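Colleague: The structure that follows is given in the form of structure tokens.
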Amino acid sequence: MQRVTIFGREGCGFCVRAKELCERKELNFKYIDIHKEGISKADLEQTVGKPVETVPQIFIGQDHIGGYTEFEQYLDAQQ
């Protein structure tokens, strides 16, 4: 599987769960804290290509998967 990129922020439970899921499944992933990196909501929306209300926003390679729930469902469908 291509590298997973998680855009999240501190204090976000679903962001933590997404990172833990990657670790459990031994996936190659990169976590990007949008606040520490100075990424605005508008920047994130431009990256995703549609309005964004929540984090995490998760990509596999260049493909936007969605949030935690969609990511979990995607991984379940791969097995």
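Colleague: Taking the residues in the stretch 13-61 that are of a type in the set (Lys, Arg) and touching a strand residue (DSSP E or B) at 6+ places or on another chain (Cβ under 9 Å) as candidates, determine which candidate is farthest from residue 78 (Cα to Cα).
Modeller: Residues of the stretch 13-61 that are of a type in the set (Lys, Arg), as a first pass: 17, 19, 24-25, 30, 36, 41, 50.
This time we only want the ones that are touching a strand residue (DSSP E or B) at 6+ places or on another chain (Cβ under 9 Å), so: 19, 30, 50.
On the way: 19: 18, 30: 20, 50: 25 Å.
If we take residues in the stretch 13-61 being of a type in the set (Lys, Arg) and touching a strand residue (DSSP E or B) at 6+ places or on another chain (Cβ under 9 Å), then 50 is farthest from residue 78 (Cα to Cα).
Colleague: Of everything in the stretch 62-75, what is of a type in the set (Phe, Trp, Tyr) and either in contact (Cβ under 8 Å) with a residue 40 or more places away in the chain or touching a helix residue (DSSP H, G or I) at 6+ places or on another chain (Cβ under 9 Å) (or both)? Give them in sequence order. Give the derivation first.
Modeller: As a first pass, look at the stretch 62-75 and keep what is of a type in the set (Phe, Trp, Tyr): 68, 71, 74.
Within the stretch 62-75, 68, 71 meet the criteria.
Colleague: Another question about this same structure. Applying the selection to the stretch 39-61, what residues are farther than 18 Å from residue 19 by Cα and either in contact (Cβ under 8 Å) with a residue 24 or more places away in the chain or open to solvent by 60 Å² or more (accessible area, probe 1.4 Å) (or both)? Lay out the reasoning, then the answer.
Modeller: First, the residues of the stretch 39-61 that are farther than 18 Å from residue 19 by Cα: 39-53.
Matches in the stretch 39-61: 39, 41, 42, 43, 44, 46, 47, 49, 50, 51, 53.
Colleague: I would also like to ask the following. Could you run through the stretch 1-22 and say how many residues are free of Cβ contacts under 8 Å to residues at least 40 places away in the same chain and either exposed (fewer than 10 other Cβ atoms within 10 Å of the Cβ) or not acidic (Asp, Glu) (or both)? Steps first, please.
Modeller: Restricting attention to the stretch 1-22, the residues satisfying the condition of being free of Cβ contacts under 8 Å to residues at least 40 places away in the same chain are 10-11, 13, 16, 19-20, 22.
Pick out the ones that are also either exposed (fewer than 10 other Cβ atoms within 10 Å of the Cβ) or not acidic (Asp, Glu) (or both) and you get 11, 13, 16, 19, 22.
Summing the residues that are free of Cβ contacts under 8 Å to residues at least 40 places away in the same chain and either exposed (fewer than 10 other Cβ atoms within 10 Å of the Cβ) or not acidic (Asp, Glu) (or both) in the stretch 1-22 gives 5.
The values are calculated or read from the model by the stated rules, or taken from the named source; none is laboratory data. Keep in mind the model is a prediction, meaning the values are calculated, not measured. Neighbour counts run over all protein chains shown; Cβ positions are idealised from the backbone, glycine included. In case anyone asks, the SASA skips ligands and DNA or RNA and just uses the protein heavy atoms, side chains included. Shrake-Rupley method; radii C 1.70, N 1.55, O 1.52, S 1.80 Å.
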